[in-house]
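Here is the structure we will look at.
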Amino acid sequence: MSEIAWGLASDKIAIFLAVALITLTVLSAGPLHPLDNWVNTAPRPLWDELRSFLILWVDVVASRFVALPVLGVTALQLAYWFRSWRPIILGVCGVFGMMSLVASMKLLFMRNHPRSYDPSFFGDAVSFPSGHGANAILIYGLVLFLIIRYSVARPHVVHRLAYCIVGIALLQGLVSSYLHFHWFTDLLVGMVAGGFALRLTIRLDRIIPHGRTVYWWPWYGRKLWSGEQRKPETPDSR
């Protein structure tokens, strides 16, 4: 455990994201209030025509009700193909870590809702940071990482998926700001928090030896019903 803790704490990208998360949190507490207020009070054209559509369709793309099934199907399929618990373990650890981080920050800072037009912390709401922003980066980022990790897609497909994730994150930010669901800095800090959790998950995958999770798979290397060892496959027997 000490080796895992040191490996996570010594990751340079994770350290950079942690510093960025702390810095943006401090700035969100006061210096960036003018930016939050400017975005929150900007005109909302076509409000009546777009509001219902954005709430019912576009805004749910980065919700856990949509993103988690995508991650679950991906992790289960890869676990079955490669006879390893690792995709499932990485998915569970990443999502649990992200949710714990975001929930802790929400309860600690208790930021007012944008409809109150008061971006102060320690109020009566839990706006900061945005869970949808963290979902867009962490959950969909984990899907992309697992696809790259197990090389199940061609490079041009991976690039297109990466563009889709960036598009989902930007779209989520625009929609949440437009609908007064979050302050601008809520979304920015939420995405950084999601990136921080994603980086720690990737680092965790590199620290834990592959065999520790491969051989946890039920009946690995044995026949399903009898438990007898399988014979090694040869090119002629395939």
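The values are calculated or read from the model by the stated rules, or taken from the named source; none is laboratory data. Because the structure is predicted, anything quoted here is derived from the model rather than measured. Neighbour counts run over all protein chains shown; Cβ positions are idealised from the backbone, glycine included. Areas reflect the complete protein model, heavy atoms only, side chains present, ligands, DNA and RNA absent. Shrake-Rupley method; radii C 1.70, N 1.55, O 1.52, S 1.80 Å.
For the reader, a short list of remarks on this structure follows.
- Across region 59-92, the number of residues qualifying as open to solvent by 30 Å² or more (accessible area, probe 1.4 Å), among the charged types (D, E, K, R) and farther than 16 Å from residue 133 by Cβ comes to 1.
- Checked across region 189-204, the condition of being among the charged types (D, E, K, R), modelled with pLDDT under 95 and open to solvent by 80 Å² or more (accessible area, probe 1.4 Å) holds for no residue.
- Residues in region 149-164 that are in a helix (DSSP H, G or I) and either of a type in the set (D, E, K, R) or open to solvent by 30 Å² or more (accessible area, probe 1.4 Å) (or both): 149, 155, 156, 157, 159, 160, 161, 162, 163, 164.
- Residues that are closer than 14 Å to residue 62 by Cα and touching a residue at least 40 places away in the same chain (Cβ under 8 Å), drawn from region 148-176: 168, 169, 171, 172, 173, 175, 176
- The listed residue being outside any helix (DSSP H, G or I) and modelled with pLDDT under 95, out of 45, 87: 45
- For region 3-46, the set of residues classified as charged (D, E, K, R) and open to solvent by less than 60 Å² (accessible area, probe 1.4 Å) consists of 11, 36, 44, listed by residue number.
- Test: residue 140 is open to solvent by 50 Å² or more (accessible area, probe 1.4 Å) and either assigned to a helix (DSSP H, G or I) or not hydroxyl-bearing (Ser, Thr, Tyr) (or both): no
- In region 94-126, residue least open to solvent (accessible area, probe 1.4 Å) [restricted to those that are within 16 Å of residue 183 (Cβ to Cβ) and of a type in the set (Ser, Thr, Tyr)]: 120
- If the condition is being under 21 Å from residue 194 (Cβ atoms) and part of a loop (DSSP other than H, G, I, E, B), then region 90-112 contributes 110, 111.
- The residues of region 78-100 that are more than 12 Å from residue 201 (Cβ to Cβ) and in contact (Cβ under 8 Å) with a residue 40 or more places away in the chain, listed by number, are 78, 79, 81, 82, 83, 84, 85.
- Contact map, region 184-201: residues that are over 19 Å from residue 142 (Cβ atoms) and polar (S, T, N, Q) paired with residues that are in a helix (DSSP H, G or I) and open to solvent by less than 40 Å² (accessible area, probe 1.4 Å), Cβ distance under 6 Å, separation 6+ or inter-chain. Pairs shown: 185/28; 185/36.
- Complete set of residues in region 165-186 that are assigned to a helix (DSSP H, G or I), open to solvent by less than 30 Å² (accessible area, probe 1.4 Å) and of a type outside the set (A, V, I, L, M): 172, 173, 176, 177, 185, 186
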